[in-house]
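Just below is one structure, and these are the notes that go with it.
Values quoted throughout were computed directly from the atomic coordinates according to the rules given, and no laboratory measurement underlies them. Treat the numbers as computed from the prediction; the structure is a model and nothing was measured. Because the Cβ atoms are built from the backbone with ideal geometry, glycine has one as well, and the counts that use them run over all protein chains shown.
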C-alpha cells in the first residue's frame with residue numbers, strides 16, 4: 001500500500017479507491033469545470049496523476065455510442081414474446097441477469113430487422 005505524508009511528517013497508508021468508468025468520467029468533468037490544473041486537482045484529491053491521464057485518454061479516444069432506429073410493428077408485437085419467455089422482471093437485476101436480458105432484447109430486435 002502506498003503512503004503519503006500528512007501534516008506532521010508521519011507516513012499514513014493511503015487507501016486505494018476503485019472507480020468505474022462513470023466515476024472516472026465524473027472526475028474528468030469535475031476537473032474541467034473546476035479550471036484547476038490536472039496536477040493540482042489530482043493532488044488535492046489523492047488521485048494518481050498517471051491514472052487520471054490514462055483514464056482521460058481512454059475515455060476521449062473511445063468511439064461515440066451509436067443508436068440504431070427501432071420500429072414496433074404493432075402494439076401486439078410489442079407485448080408478445082419476450083415478456084412471456086422471461087416472466088416478470090424484478091426491479092433490481094444482477095449483472096448476469098441484466099446481461100442475459102439485454103442479449104435477449106438485442107436478439108429480438110435483430111429478428112425484426
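With the simple spin-label model, which puts each label point 7 Å out from Cα in the Cβ direction, the residue 44 to residue 98 separation comes to 3.1 nm.
Per-residue extension of 0.36 nm, minus the Cα-Cα distance of residue 67 and residue 26, leaves a gain of 12.5 nm for this segment.
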